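Scroll down for the structure; my scribbles are underneath it.
The values are calculated or read from the model by the stated rules, or taken from the named source; none is laboratory data. What you are looking at is a predicted structure, and each value in this text was computed from that prediction instead of being measured. No Cβ is skipped: glycine too gets one built from the backbone with ideal geometry, and neighbour counts run over all protein chains shown.
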Amino acid sequence: MAKIAMIVSNPCFPDYRVIKEAESLASLGHHVRIYCVARPGIPIHEVVSGVEYVRIPFGVGPALRSALAYFESRRRKRRRKKLDIVYREFEDPPG
């Protein structure tokens, strides 16, 4: 099955659009990891419904740019763990 990285510019809680997509992909057997922004009271790392959440402690303004830079540096270090799909969500959900 595919290795999928999803990158969002929010803590992914409660971003139900991304959560639903990720859980659907995980239920099909794909390995799904979401890189998102850390917030107080939300765990930095957790696995929920087969989806791995990695929350990166960056400020709100440069969060997406910083997350992408972090993701790229990690990718270079772990070339043997290539990803099949990278999903980027650039806008925060309304509300």
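In this entry, residue 47 is excluded by the filter for residues that are modelled with pLDDT of 80 or more and either within 14 Å of residue 9 (Cβ to Cβ) or surrounded by 16 or more Cβ atoms within 10 Å (Cβ to Cβ) (or both). Pairs are defined by a Cβ separation below 7 Å, a sequence spacing of at least 6 or placement on different chains, a first member in segment 17-32 that is free of Cβ contacts under 8 Å to residues at least 40 places away in the same chain, and a second member that is of a type in the set (Lys, Arg) and outside any helix (DSSP H, G or I); the pairs so defined are 31/3. Selection over segment 8-43 of residues that are at pLDDT below 90 and touching a Lys or Arg at 6+ places or on another chain (Cβ under 6 Å) gives a count of 3. Looking across segment 11-56 at every residue that is in contact with a Pro (Cβ under 7 Å, 6 or more places away or on another chain) and assigned to a strand (DSSP E or B), the one that is farthest from residue 1 (Cα to Cα) is identified as 37. Once segment 1-22 is narrowed to residues that are surrounded by fewer than 16 Cβ atoms within 10 Å (Cβ to Cβ) and more than 14 Å from residue 86 (Cα to Cα), the residue that is farthest from the chain's Cα centre (by Cα) is 1.
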